[in-house]
1. What shape does region 407-499 take by its C-alpha gyration tensor, where a ≥ b ≥ c are the square roots of the eigenvalues and a/c under 1.5 counts as rounded, a/b above b/c as prolate, and the rest as oblate?
2. Which value in deg cm²/dmol, rounded to the nearest 500, describes the helix-derived mean residue ellipticity at 222 nm for the chain, given -39,500 (n - 2.57) per DSSP H run of n ≥ 4 and division by the residue count?
3. Could you state the angle between the C-alpha long axis of helix 176-190 and the longest principal axis of the C-alpha atoms of the chain, as a value from 0 to 90 degrees rounded to the nearest 10?
4. Share of Cα-Cα pairs in region 325-436 beyond 17 Å, in percent?
5. I'd like the distance between the alpha-carbon centres of region 374-431 and region 1-43, rounded to an integer number of Å.
6. Can you say what percent of the DSSP beta bridges in the chain, counting only those with both residues inside, are antiparallel? Round to 5.
7. How far is helix 69-81 tilted off the main Cα axis of the chain, in degrees rounded to 10, range 0 to 90?
8. What is the mean projected area of the alpha carbon convex hull for region 79-145, to one decimal in square nanometres?
């Protein structure tokens, strides 16, 4: 099967030679994975899980409250339960804080399981895991967050984290749910179980991989691509209910649907501090239930919380953008308001980063402390940036592009230290903007923007961090411009080149100063939109550049 000529050029530009493109676009799920038995600690984990099965021990799964930790917890509960293990999920409320806080440590010790598995947290919970181990509880960590020097949880029985020192596993950027799938796969192999059955849990792995913003390359591409295929035929009644509640056709669900409709709903209850329904965590219970009626109820709760979350973010953004507009020269934006909710500051940070093209930290009060969420751009490493200003922090952790923190310092000093660090790394505002604004990969004639191109681009999916949707550029005329959206926040119109005209939209660019009928260099993605059973390509404008 040949590769579309436009795709050939894009893939070559991304370092994939012609001879490898067919395989890249159509990988083999099993042959293209790395050997999970090579992961540091995997043999210890498999042995301990087998022991738990043989002794009928109760196992506690402690997962993070986001759209990686929740699906990862659900995956472990679903798969380990099928092997006869008694598995109990424990997801903290966002108000309790991230990871093994003192409250959670006390709860774990009071429950007295023989084995605790932490998921999407635990790598740097050195003191907390030591306390749990001293209580006679074995601890296994499955995590993908960056290890910090001197803070590794060395009392854990084993840590599954490819980023830890001396781990020979070739792929380092997997999310916690992907790592959990690898653990269960190795357990199944050790017990001569049918590994093929685990494919039906790849819908959970796809959700986490897309939601957690890990780069969609290597094994992540495999998990997202094949997981989406499974998701379209999912046997998980909770996922099916959630997809329906989100207004998405399950047999055509895409990476975009996961990122913008499914994952936000999983995150919404914790963001709104309304996690429980009938005394259980609604998000994780939705993903493990086999009761269709309960699934429908829980899916409605997640969707209701997401609607409220959207309204809250809009309110917070007005104040955040006011503050950001007063920091024109700051290399790092730090925003705070005493009325903000910690549940949505990560979204506020993301929106500000997208608009101002620089690292952002959004802070909010909670239970007498100030918590923060970090989003970074380009080569500015979020955790390393916080390390350089750790005197202002009680605790922090995360990975390259995103992190969380508890703040104890002075905001002005904090902002200064952060900007000083970024400047010392050699970055200017112009550097940060260039890193945040992708450039076009290929110049196109508008006559090339066809349904055939849309079909070809679908072969490249899924798109996401590290493997973004291709950007094209065309020198053309902008015609028929009008503001659309509830507040005129978007710009709609047409791109015209000679006799060729293509529909276009520029989201969140309604305030752009562009002239109807003017000639511009337009940077855009090409996507297929269907209206009343008629499909057509649409140019999603990313940038409009004057020719002056």
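1. On the way: a/c = 2.51, a/b = 1.93, b/c = 1.30.
Judged from the Cα gyration tensor, region 407-499 comes out prolate (a/c at least 1.5, a/b above b/c).
2. Working: 18 runs with 209 residues, N = 548.
Computed ellipticity for the chain at 222 nm equals -11500 deg cm²/dmol.
3. Tilt relative to the chain: about 50 degrees.
4. Details: 2909 of 6216 pairs.
The calculated P(r) of region 325-436 puts 47 percent of pairs beyond 17 Å.
5. Distance between centres, Cα-based: 34 Å.
6. Details: 52 of 78 bridges.
Here the share of antiparallel DSSP bridges comes out near 65 percent.
7. Tilt relative to the chain: about 50 degrees.
8. Values: hull surface 19.0 nm².
Reported value for the Cα convex hull: 4.7 nm².
Laboratory data are not the source of any read-out in this text; all were calculated from the coordinates shown. Being a predicted model, the structure only gives us computed values, none of them experimental. Glycine also receives a Cβ, built like all others from the backbone with ideal geometry; neighbour counts cover every protein chain displayed.
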